[in-house]
Each structure stands twice: as C-alpha cells, then as structure tokens.
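Asker: Below is a structure I'd like to ask you about.
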Amino acid sequence: MSVSENVVGAGGTSLAPAQTGTVLRVEGLSKTFPGTRALDDVSIEIARGEIHALMGQNGSGKSTLIKLLAAYHSADAGATAEMDGAEFEIGKTVPHGLRFVHQDLGLILELSAQDNLALRGGFARGFGGRVLWRQQEAETRRILAAFDVDLDIHRPLAAATPVERTVVAIAAALQGWDGDGVLVLDEPTAVLPHDEVQRLFDVVAQVRKRGTSVLYVSHRMDEIFALADRVTVLRGGRRVGTYDIDGLDSRKLATLMVGNDVDPDFRADVVARTDTSVTLEARDVHGKWLRGVTLEARAGEILGIAGLAGAGTLELPYVLAGQGGPLASGELRLPQRSEEWHDVRSAGQLGIPLVPSDRQTEGVIAEFSVGENLSLSSLRGLGRTGHLSGGQERQLVEQWSARLGVVTAGPSAPISTLSGGNQQKVVLARCLAISPDVLVLCEPTAGVDIGTRVAIYRIIADLAAAGLTVIVASSDEGDLLALSTRILVLRHGVVAEELATDGLTKNELIRAIEGAGQ
Ligand SMILES: Nc1ncnc2c1ncn2[C@@H]1O[C@H](COP(=O)(O)OP(=O)(O)OP(=O)(O)O)[C@@H](O)[C@H]1O
Ligand SMILES: [Mg+2]
C-alpha cells in the first residue's frame, strides 16, 4: 500500500504532497536488533515546509527511525528512500540537508559549547587552515542569541544545565545551514520549561518560513497541536497512519498511540492534606538560583514546584535531596524521624531519594544492565541490614518492571538499549523500590509516553494516599496538574505564590508561573 493510500485509508486527509512537493520519502523501512524488531515496514513522507510530528509510545521506534535517517544504524534490506527526488541508501548515507538534534543530544560534555559547535559545524578557518577563534566565537554567540540562556561558552558542558545543553544541541544542528531540507528534532523539549519551549517554537517557526520541513518528536500533546501540520503515529514499530492535526484532538491522538482509550487530561485522585503530620521542613534554602525558600510538606501531600527557567524550580529538588552543590545553603528536617535540623549540604545522609532531571548523566549508569540500574539504591538502602541476594534482586526487578511496564529484552539487557522513556521508568522504579517516606522528583515524566505517564501518576498518587510525601518539580504543567495536592510557584528564587489545585486550570497555572499581573 502506498503512503498516500494509507493516509486516506487511516482517516487522515493528506496535505496533498503533489501540491506542496515531497521533500523526504521513506518506504518499507525495517530494523531488527538482536531480540527486538524495532521497526517493521514503516513508511513516511515529509512535505516541503511542513512540521511533521512523529508520535508513539516509549519503544515504538521513533528514535530508531531517526537514527536510521542519520545512518547511525544500518537498515534491514528492502527499504527505499528519496530526498528531493534523489534516491539515497538509508542507513548508509545521509543526504545533504538533513539536520538532527538527537534524543541524547549527542554533545561532548567535557568540551565547551563553543568547541561542541565548532566540532559539528567545522571550525571557522583562515589561510593555511588556522582556526579563526574570534570568528568562531562570534558565530557561536550569534546562534545562541536566539535563546535566552546565559551560558559561558568556554566552560565544559558538564557544568551546564539540561536546558542549556539542549539549546547548544539545537544551535549545533542549525549552524552553517542553508535551511534546505529537513530539521529532525527528537524530543528537544523533554526538559525545557515553558519559556524556553516558546523560544524553540519561534526558532522552528523561523526555520519553517524559509520552506524548511521539520520532523518533530515529542510526548507533549499540547506542543504537537501548537506546532504540527501532520502526525505519523507508530505503535510497536509499525506505522498506524498519518493524519492531519486539524482532524484530531489529544484524546484521539493518545488513543491512536496506545491502541485503546486514554484520557490525556487524567488527574490523579488526590486530596489536599492539612490533617496529617509534617514530614519535611526546609528553611531559608539558597543556591545558584534559590534566594531563600521555606516550605513544609505533610504525609500524603504531593507538593508541586513550578516556575520558569532560572526561578530555581529545578534546583530545589537537588538541594532537598542533599545534592545541591557548593552554592547550596539552608536547613532541613524530617520531624517524623527527629527534631534535629540538618544543613542541606549534609542532607545526603538522610537518604531522600531523588529522581534527577538529567537521566543521561545522573540517572542511569550506561554500562550497567537494567537490573543493576534498578537495584542500585536498594542495595545501598539494604546495606545496613544485609544485602540483596541474586533472587531478591531478580524479584525486585521483575516486580517493578511489571508495575511500570518497562519494555526491555530482560533484566540483564544493557540499559543503553532501552528507549528513553523506558530508561526513565527504571530510574523512577529505583527510587520507589526502597519504600521511602519522602520522595523528591525532578522532571519525573521527561520523555515518558502518555499511557505510561498516567500509570506513573496513579502509582505516585497511591503511594501518597498511603502516607508518602512527594515533592515534584516539573517544567511540564501537565505533571503538576495531574499530581499535585498543592503547588508552590517560584519566581526569582523565592516562593511567589501558593496554589490550591482543586479546579485549577492549565491557563491559570501558566499565568501564575509567568507572573502575569506581577
Ligand atoms: N541499540 C539497540 N539495541 C537493542 N535494542 C534497541 C537498541 N536501540 C533501540 N532498541 C529497541 O528498539 C525499540 C525502539 O526503540 P526507540 O528508541 O526507537 O523507541 P522510541 O520510540 O524512540 O521511544 P522513546 O519515546 O522512549 O524515546 C525498543 O524496544 C528499544 O529497546
Ligand atoms: Mg526515542
């Protein structure tokens, strides 16, 4: 069946590529990894100047498709591909005009922003091949100027925030490009807060005005509806169909992805708690962005933390878990355990588990298996009482993999072979497996698909109902609305507002985050 027949057959009306022209066409694309058929006879057609979303659950094959386009993997036999009417060997050659921002960003963290950009774009060189550093620096600054990040371009990216790294990866893809072809973005916004997402959208809109097409992967529904013209949905490595965005709503799209009915606006059944005892108190917390935050949380509360980039939102979870770094100061106490106040710099010993925002560098150990990654903190947690036997470990891994629906070839598979969202589930499972009384989450659903998100919300809500205290910071308003019993809005490093979540709308939350009327 040709792509266009399938488009019509699947209920979407196509953009009529004959009118707009097809820039990229791939047919019959398959990819088999040992034990996994990641893509099975997939076709996709990108029209000139369109923003084409690629959606599907975790492990449905989106990044694999993109890595085949980038010739990072080779394809199974039988695929055909064309760019601007010229055939190319997909998985072997990359046509001029395809630019990529990969899900793991593909940056070298030991190098600075400037060096990363220079490596990708080729250094600006003068006579005799001398590197023109002044020119290279001006070019780096010009590209980064489209974003509002205050980044030292000479420092290693290891010291940069996830947001800053994302911006560098986007800049690296765009530099020196004449804009002809297709810009491929694999979850560029997974950790971007609202204001930076808007900036990325502006860049995407500019790119598209030049007639460039964009292939866009995101699990954030609202982005797809704000940006995309059409969407191709994958499920289990197969193409479900290609649809005009205008004919869809988020529920229909979620249902196409998952295969059964999903409510994308799900809100967990949580109630505000004022009757239970206080389990966590923090006072006068400072850090790189934090300017004196004082808060308390009760048993059974899910306290949301919201704010723009730079408000300190994503720093607070780290400080509370005792991982705030040298700039952190302030005090913390867990009154259920003792009356004693602890300096946040030594709060690590309290053993509050943290789901970090940056899965790549802090969340998983790439060389370890799924099982080892999952049981890491439990091993630590059990260190006092004894240690986990092989059998116990296997049981733990199986239990949590099943509860969160981790898609993996097995507990001994290297974690790097899991899709992004499935790695995130392992990180979450690791924290839950030690049965904590306080849990701190930073971007808990970064890169997690809509079906799994709801499953995670349910699990967290159930644990809270049983008395767990949860602090959740997220740049995704959907997380905060779905989960929180109460939300603290940070602005400029302090708590600017506290919101009750009963009846709170997304617009009201965004307005508070943006400080409208302040
Ligand atoms: N290098 C690899 N070796 C073995 N299996 C792999 C490898 N890379 C991906 N896979 C498997 O291929 C399938 C598709 O993975 P892929 O990364 O394409 O998913 P995805 O749609 O991008 O998911 P996500 O939304 O979580 O990023 C998964 O089952 C994954 O475990
Ligand atoms: Mg992916």
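The values are calculated or read from the model by the stated rules, or taken from the named source; none is laboratory data. Predicted model, so just to flag it, every value in this text is computed and none were measured. Cβ atoms come from the backbone with ideal geometry, glycine included; neighbour counts cover every protein chain shown. Accessible surface is based on the protein model in full, side chains and every heavy atom, while ligands, DNA and RNA are left aside. Shrake-Rupley method; radii C 1.70, N 1.55, O 1.52, S 1.80 Å.
Asker: So, in the range 272-287, exactly how many residues are loosely packed, with under 15 Cβ neighbours inside 10 Å and outside any strand (DSSP E or B)?
Answerer: Residues flagged as loosely packed, with under 15 Cβ neighbours inside 10 Å and outside any strand (DSSP E or B) within the range 272-287 amount to 4.
Asker: Turning to a different aspect of this structure: Go through the range 441-460 residue by residue and tally those that are open to solvent by less than 10 Å² (accessible area, probe 1.4 Å) and over 17 Å from the mean Cα position of the chain (by Cα).
Answerer: Selection size over the range 441-460: 1.
Asker: Could we say that A473 is closer than 26 Å to S338 by Cα, in contact (Cβ under 8 Å) with a residue 12 or more places away in the chain and either among the aliphatic types (A, V, I, L, M) or within 16 Å of ligand 1 (Cβ to nearest atom) (or both) here?
Answerer: For A473, the condition - closer than 26 Å to S338 by Cα, in contact (Cβ under 8 Å) with a residue 12 or more places away in the chain and either among the aliphatic types (A, V, I, L, M) or within 16 Å of ligand 1 (Cβ to nearest atom) (or both) - is met.
Asker: If you check A409 against the conditions, is it more than 16 Å from ligand 2 (Cβ to nearest atom), part of a helix (DSSP H, G or I) and at negative phi?
Answerer: Spelling it out, it is not the case that A409 is more than 16 Å from ligand 2 (Cβ to nearest atom), part of a helix (DSSP H, G or I) and at negative phi.
Asker: I need the full set of residues from the range 3-51 which are at pLDDT below 80 and small (G, A, S), in order please.
Answerer: At the first step, the residues of the range 3-51 found to be at pLDDT below 80 are 3-20.
Across the range 3-51, the qualifying residues are S4, G9, A10, G11, G12, S14, A16, A18.
Asker: Residues that are among the polar types (S, T, N, Q) and out of contact with any Pro (no Cβ under 7 Å at 6 or more places or on another chain): list the helices (runs of 4 or more DSSP H) wholly contained in the range 420-518 that include at least 1 such residues.
Answerer: Passing ranges, in order: 420-432, 450-465, 506-514.
Asker: Can you find, within the range 413-440, the residue that is surrounded by the fewest Cβ atoms within 10 Å (Cβ to Cβ) among those that are in contact with a helix residue (DSSP H, G or I) (Cβ under 6 Å, 6 or more places away or on another chain) and of a type in the set (G, A, S)?
Answerer: Here the residue is A413.
Asker: Right, another one. Do we find that G49 is outside any helix (DSSP H, G or I), more than 8 Å from ligand 1 (Cβ to nearest atom), on the phi > 0 side of the Ramachandran plot and of a type outside the set (D, E) in this structure? Steps first, answer last, please.
Answerer: Values: outside any helix (DSSP H, G or I): yes; more than 8 Å from ligand 1 (Cβ to nearest atom): yes; on the phi > 0 side of the Ramachandran plot: yes; of a type outside the set (D, E): yes.
Here the answer is yes, as G49 does meet what is asked.
Asker: Can we say E223 is within 16 Å of ligand 2 (Cβ to nearest atom) and either open to solvent by less than 20 Å² (accessible area, probe 1.4 Å) or under 21 Å from S475 (Cα atoms) (or both)?
Answerer: Yes.
Asker: Something else: What's the total number of residues in the range 309-331 that are part of a strand (DSSP E or B), touching a Phe, Trp or Tyr at 6+ places or on another chain (Cβ under 8 Å) and under 16 Å from L488 (Cβ atoms)?
Answerer: Result for the range 309-331: 0.
Asker: Looking only at the range 28-39, filter to residues that are of a type outside the set (D, E, K, R) and buried (at least 22 other Cβ atoms within 10 Å of the Cβ); which one of those is nearest to ligand 1 (Cβ to nearest atom)? Break it down into steps so the answer makes sense when it comes.
Answerer: The initial filter retains those residues of the range 28-39 that are of a type outside the set (D, E, K, R), namely 28-30, 32-36, 38-39.
Imposing the further condition that a residue be buried (at least 22 other Cβ atoms within 10 Å of the Cβ) reduces the set to 29, 38-39.
Numbers: L29: 12, A38: 3, L39: 8 Å.
The extreme case among them is A38.
Asker: Condition test on E110, is it open to solvent by 50 Å² or more (accessible area, probe 1.4 Å), modelled with pLDDT under 85 and not β-branched (V, I, T)?
Answerer: Values: open to solvent by 50 Å² or more (accessible area, probe 1.4 Å): yes; modelled with pLDDT under 85: no; not β-branched (V, I, T): yes.
Here the answer is no, as E110 does not meet what is asked.
Asker: Please tell me if G304 is buried (at least 24 other Cβ atoms within 10 Å of the Cβ), small (G, A, S) and in a strand (DSSP E or B). Even if it seems obvious, please write down each step before you answer.
Answerer: On the way: buried (at least 24 other Cβ atoms within 10 Å of the Cβ): yes; small (G, A, S): yes; in a strand (DSSP E or B): yes.
So G304 fits the description; yes.
Asker: Can you pull out every residue in the range 72-104 that is of a type in the set (D, E) and either within 13 Å of ligand 2 (Cβ to nearest atom) or part of a strand (DSSP E or B) (or both)?
Answerer: Across the range 72-104, the qualifying residues are E82, E87, D104.
Asker: Now for a separate question. Can you name the residue in the range 52-96 that is away from ligand 1 (no atom under 16 Å from the Cβ) and of a type in the set (V, I, T) and is also modelled with the highest pLDDT among such residues? Break it down into steps so the answer makes sense when it comes.
Answerer: Step one: of the range 52-96, the residues away from ligand 1 (no atom under 16 Å from the Cβ) are 77-78, 80-89, 92-96.
Checking which are of a type in the set (V, I, T) leaves us with 80, 93-94.
Numbers: T80: 97, T93: 94, V94: 93.
Here the answer is T80.
Asker: While we're looking at this one, here's another question. Hey, among V191, V184, which residue is in the same structural domain as Y216 (by TED's automatic domain parsing), within 16 Å of ligand 2 (Cβ to nearest atom) and open to solvent by 10 Å² or more (accessible area, probe 1.4 Å)?
Answerer: Every option except V191 fails the conditions.
Asker: Same structure, new question: Of the residues D244, D229, D275, D249, which single one is outside the structural domain of L334 (by TED's automatic domain parsing), closer than 24 Å to A482 by Cβ and either acidic (D, E) or touching a Phe, Trp or Tyr at 6+ places or on another chain (Cβ under 6 Å) (or both)? Break it down into steps so the answer makes sense when it comes.
Answerer: Numbers: D244 fails: closer than 24 Å to A482 by Cβ; D229 fails: closer than 24 Å to A482 by Cβ; D275 fails: outside the structural domain of L334 (by TED's automatic domain parsing).
The match here is D249.
Asker: Another question, then. Can you tell me which residues in the range 256-284 are free of Cβ contacts under 8 Å to residues at least 24 places away in the same chain and in contact with a helix residue (DSSP H, G or I) (Cβ under 7 Å, 6 or more places away or on another chain)?
Answerer: Hit for the range 256-284 is D261, nothing else.
So that you can scan it fast, the table gives a plain yes or no per residue for (1) closer than 19 Å to L320 by Cβ; (2) modelled with pLDDT of 95 or more; (3) within 16 Å of ligand 2 (Cβ to nearest atom); (4) of a type in the set (V, I, T):
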| residue | (1), (2), (3), (4) |
| --- | --- |
| L418 | no, no, yes, no |
| Q423 | no, no, yes, no |
| A429 | no, no, no, no |
| A461 | no, no, no, no |
| E477 | no, no, no, no |
| G493 | yes, yes, no, no |
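Asker: If you scan the range 152-162, which residues turn out to be buried (at least 21 other Cβ atoms within 10 Å of the Cβ) and farther than 13 Å from L111 by Cβ?
Answerer: P162
Asker: Within the range 40-71, restricting attention to residues that are within 12 Å of ligand 2 (Cβ to nearest atom) and closer than 21 Å to F88 by Cβ, which residue is most open to solvent (accessible area, probe 1.4 Å)?
Answerer: My answer is K67.
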